[in-house]
Amino acid sequence: MMKFVYHGVPRDMVGDVIYPLSQLAQVDGRLYEFQVSKYSGREAAMDFAVPGLGVKFNDTVHCACLHPYYLFAARQKLGLNPVPRPEPPSWATGLAFEIPLERILHHQVVWYSCRTLWINGAPNEDVPLVPPSEEFEPFDPDRYEARHAPTEAHLAYLTRMRDRGERGLMFVHIPHVLVAGPVDVSGLKTVGWDEPPATA
């Protein structure tokens, strides 16, 4: 059975490759500046050295283990009124690439559980500047299974953001697969965050 990870389709994407942020500057300076602007208040996250990879956080492509529809549905259920395509919060186009594992396994890859809130998920707040190293482990494709629901911590985070009158970031407390290199997405299927997958 084919296994997938997910990555949002960037607005004005150049070519058929998803680049780590640090490499995007050489590909398209304008897109690089736009993506960097999303780290306002959490700039320190970009320089975090990822345990087990020997590279910085912004040297990796961040792939989610959850179909984007489940994030959309969670916001909808909590009354956060997620905006459908083409303007969802944080998703540049409202679409995500469904990426088979074989497209990433020629790079170094780690699993990141994303359990602890740190500056990457809480800009300008009094939280740790780095996550615990034990939340990172070598990626095992044989053990990997895509998730079918957000974590309870993510739902609690959304509730807190709603009560503060804020939308919140998209992937706080959502486990990630971090890929130390560019990902070829040519010919891959895209899925809409407002479209339930066949198993939803």
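Hey, among Val172, Val191, Val183, which residue is out of contact with any Asp or Glu (no Cβ under 7 Å at 6 or more places or on another chain), over 16 Å from Thr116 (Cβ atoms) and touching a residue at least 40 places away in the same chain (Cβ under 8 Å)?
Val183
Could you please find all residues in segment 143-190 being buried (at least 18 other Cβ atoms within 10 Å of the Cβ) and outside any loop (DSSP other than H, G, I, E, B)?
His154, Tyr157, Leu158, His176, Val177, Leu178, Val179, Val183
Is it true that Ala64 is surrounded by fewer than 19 Cβ atoms within 10 Å (Cβ to Cβ) and among the small types (Gly, Ala, Ser)?
Spelling it out, it is not the case that Ala64 is surrounded by fewer than 19 Cβ atoms within 10 Å (Cβ to Cβ) and among the small types (Gly, Ala, Ser).
Yes/no per residue for (1) more than 16 Å from the chain's Cα centre (by Cα); (2) modelled with pLDDT of 90 or more; (3) over 16 Å from Leu188 (Cα atoms); (4) not aliphatic (A, V, I, L, M):
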| site | (1), (2), (3), (4) |
| --- | --- |
| Leu21 | no, yes, yes, no |
| Gly29 | yes, no, yes, yes |
| Lys38 | no, no, yes, yes |
| Gly41 | yes, yes, yes, yes |
| Asp47 | yes, yes, yes, yes |
| Pro51 | yes, yes, yes, yes |
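How many residues, within segment 36-61, are surrounded by fewer than 19 Cβ atoms within 10 Å (Cβ to Cβ) and not in a loop (DSSP other than H, G, I, E, B)? Walk me through it before giving the result.
Residues of segment 36-61 that are surrounded by fewer than 19 Cβ atoms within 10 Å (Cβ to Cβ), as a first pass: 36-41, 43-44, 46-49, 51-52, 54-56.
With the extra rule that they be not in a loop (DSSP other than H, G, I, E, B), the set shrinks to 36-37, 43-44, 46-47, 49, 55-56.
Of the residues in that region, 9 qualify.
Within segment 128-160, restricting attention to residues that are of a type in the set (A, V, I, L, M) and touching a residue at least 40 places away in the same chain (Cβ under 8 Å), which residue is nearest to Leu53 (Cα to Cα)?
Here the answer is Val130.
The values are calculated or read from the model by the stated rules, or taken from the named source; none is laboratory data. Since the structure is predicted, the reported quantities are computational estimates derived from the model, not experimental observations. FYI the Cβ positions are ideal-geometry reconstructions off the backbone, even for glycines, and counts take in every protein chain you see.
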